[in-house]
Amino acid sequence: MSKATVLSGIRPTGHLHLGNYFGAVRSFIKMQDEYDCYFFIADWHSLTTHPHPDNILNSTRTILAEYLACGLDPDKATIYVQSDVKEVLELYLYLNMNAYLGELERTTTFKEKARQQPDNVNAGLLTYPTLMASDILMHRAELVPVGKDQEQNMEMARKFARRFNQIYGVEFFPEPKSFSFGPEALKIPGLDGSGKMGKSEGNALYLCDDPKDIKKKVMKAVTDSGPTAPGSAKPEVIQNLFTFLDIVSSREVYDFYDAAWNDCSIRYGDLKKQLAEDIVAFTTPIREKILDYSADTALLEKVARDGAEKARAHAHDTVEAVREIVGFPKARF
């Protein structure tokens with residue numbers, strides 16, 4: 001019995017943080033043993049913000065090294081760089097011909113990006129959903145791990161798949177489903193009490209952070225004046241700290257501070273010191289592997305090259321079939 005195909009991509013916009021790890025990468029490590037997985041670095045998507053050419057290359061290598069350090073295995077999953085698979089652009093063209101201005105303008109991600117960067121409302125922002133759909137449909141992926149913020153774009157991908165099939169009277173593209181690998185994916189909060197951890201919010205703990213930086217960030221985490229009555233509910237900023245304890249600390253440590261909260265004896269300074277130590281203990285093995293992989297550019301290039309070959313072979317079959325369906329001859333070159 002063939003395995004279901006899973007696809008996920010990440011923009012190369014900086015280092016992976018704990019939110020990326022517990023929200024996605026940890027699940028990817030399990031998925032690669034049970035599914036036919038394609039994990040790619042979405043460097044073309046990053047062009048909407050006009051990054052410097054050096055930043056694209058360096059950030060791509062950074063994400064690749066950190067993926068490997070976390071445990072993604074190129075012998076189990078196809079790991080590749082988006083721009084190495086040119087076929088996605090041809091499919092992007094075909095999908096754009098059947099995508100309509102009104103529906104693209106109504107997407108939440110476009111409206112948010114247009115508001116955030118009013119002087120750079122480019123066509124790439126507008127057609128982001130079709131490029132995302134091309135990435136997915138190129139491999140005829142059935143399952144796509146995404147967060148709630150991408151659900152509208154996933155619905156667009158399903159719409160484009162249905163529309164293509166209806167226009168050409170075929171059952172070619174499956175409608176991809178949003179996917180979560182059990183209860184393992186977690187929403188990891190930021191240290192500033194402002195919601196989930198994110199690179200742009202400046203509230204992240206990165207897998208490559210050295211111990212001093214981690215301790216400094218954790219000790220600055222937002223707290224309150226403490227519980228006012230035994231057994232009172234934890235406010236969000238305190239629950240955030242307990243979320244971190246839950247994922248990196250022992251059950252004994254978590255229970256100790258939970259009891260201290262409930263009897264109003266909790267000392268936030270002690271909690272933060274313990275939490276910082278536990279985060280350092282968790283990230284240090286990953287950070288050491290990141291340093292090793294980052295220094296081995298030959299290995300990174302080989303992983304990217306081998307992944308591109310596997311991804312392109314799969315993508316080529318899709319594009320050849322699409323060309324024939326649409327009415328173009330097979331590629332002559």
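Quick one: in the range 1-38, which of the residues that are among the aliphatic types (A, V, I, L, M), in contact (Cβ under 8 Å) with a residue 24 or more places away in the chain and open to solvent by 10 Å² or more (accessible area, probe 1.4 Å) is farthest from V248 (Cα to Cα)?
Ranking the qualifying residues of the range 1-38, first place goes to A4.
Condition test on K330, is it open to solvent by 40 Å² or more (accessible area, probe 1.4 Å), touching an Asp or Glu at 6+ places or on another chain (Cβ under 6 Å) and outside any helix (DSSP H, G or I)? Spelling it out, K330 is indeed open to solvent by 40 Å² or more (accessible area, probe 1.4 Å), touching an Asp or Glu at 6+ places or on another chain (Cβ under 6 Å) and outside any helix (DSSP H, G or I). Among the conditions (1) more than 23 Å from Q152 (Cβ to Cβ); (2) under 19 Å from the mean Cα position of the chain (by Cα); (3) open to solvent by 30 Å² or more (accessible area, probe 1.4 Å), the only one that D75 does not satisfy is (2). Looking at the range 126-145 only, could you name the residues that are in contact with a helix residue (DSSP H, G or I) (Cβ under 7 Å, 6 or more places away or on another chain), surrounded by 20 or more Cβ atoms within 10 Å (Cβ to Cβ) and among the hydrophobic types (A, V, I, L, M, F, W, C)? Passing the criteria: L131, M132, A133, I136, L137, M138, V144. Using the structure shown, decide if L47 is aliphatic (A, V, I, L, M) and open to solvent by 30 Å² or more (accessible area, probe 1.4 Å). Spelling it out, L47 is indeed aliphatic (A, V, I, L, M) and open to solvent by 30 Å² or more (accessible area, probe 1.4 Å).
In summary, E87 fulfils each of the numbered conditions (1) surrounded by 19 or more Cβ atoms within 10 Å (Cβ to Cβ); (2) under 28 Å from S180 (Cβ atoms) with the single exception of condition (2). Within the range 94-110, restricting attention to residues that are more than 16 Å from N165 (Cα to Cα) and surrounded by fewer than 17 Cβ atoms within 10 Å (Cβ to Cβ), the residue that is nearest to the chain's Cα centre (by Cα) is T109.
Determine, yes or no, whether K113 is out of contact with any Leu (no Cβ under 7 Å at 6 or more places or on another chain) and either on the phi < 0 side of the Ramachandran plot or surrounded by 15 or more Cβ atoms within 10 Å (Cβ to Cβ) (or both).
Against the criterion (out of contact with any Leu (no Cβ under 7 Å at 6 or more places or on another chain) and either on the phi < 0 side of the Ramachandran plot or surrounded by 15 or more Cβ atoms within 10 Å (Cβ to Cβ) (or both)), K113 does not qualify.
Is one or more of the residues making up the range 158-165 modelled with pLDDT of 90 or more, open to solvent by less than 40 Å² (accessible area, probe 1.4 Å), farther than 24 Å from Q32 by Cα and of a type in the set (F, W, Y)? Taking every residue of the range 158-165 in turn, at least one turns out to be modelled with pLDDT of 90 or more, open to solvent by less than 40 Å² (accessible area, probe 1.4 Å), farther than 24 Å from Q32 by Cα and of a type in the set (F, W, Y). For the range 97-140, the set of residues classified as of a type in the set (A, V, I, L, M, F, W, C) and in contact with a Lys or Arg (Cβ under 9 Å, 6 or more places away or on another chain) consists of A99, V121, L125, A133, listed by residue number. Taking residues in the range 210-223 that are among the basic types (K, R), and partners anywhere that are outside any helix (DSSP H, G or I) and open to solvent by less than 100 Å² (accessible area, probe 1.4 Å), the pairs with Cβ atoms closer than 8 Å and at least 6 places apart or on different chains are K217/L191; K217/L205; K217/D209; K220/L191.
Which members of the range 163-186 meet the condition of being assigned to a loop (DSSP other than H, G, I, E, B) and of a type in the set (D, E)?
Correct list: E171, E175.
Working only within the range 83-126, note down all residues that are of a type in the set (V, I, T) and under 26 Å from A313 (Cβ atoms). Selection gives V85, V88. Counting only helices (runs of 4 or more DSSP H) that fall entirely inside the range 187-275 and contain at least 1 residues that are within 28 Å of G14 (Cβ to Cβ) and open to solvent by less than 70 Å² (accessible area, probe 1.4 Å), the qualifying elements are 211-219, 236-248. Once the range 4-18 is narrowed to residues that are at pLDDT 90 or above and not in a strand (DSSP E or B), the residue that is nearest to the chain's Cα centre (by Cα) is L16. Could you tell me whether the range 277-286 includes any residue that is open to solvent by less than 60 Å² (accessible area, probe 1.4 Å), over 22 Å from the mean Cα position of the chain (by Cα), among the polar types (S, T, N, Q) and at pLDDT 95 or above? No, the range 277-286 contains no residue that is open to solvent by less than 60 Å² (accessible area, probe 1.4 Å), over 22 Å from the mean Cα position of the chain (by Cα), among the polar types (S, T, N, Q) and at pLDDT 95 or above.
The values are calculated or read from the model by the stated rules, or taken from the named source; none is laboratory data. On a predicted model such as this, the values are computed, not experimentally measured, just so you know. So basically every Cβ, Gly included, is an ideal-geometry build from the backbone, and we count neighbours across all protein chains shown. The area values use the complete protein model at the heavy-atom level, side chains included, leaving out ligands, DNA and RNA. Shrake-Rupley method; radii C 1.70, N 1.55, O 1.52, S 1.80 Å.
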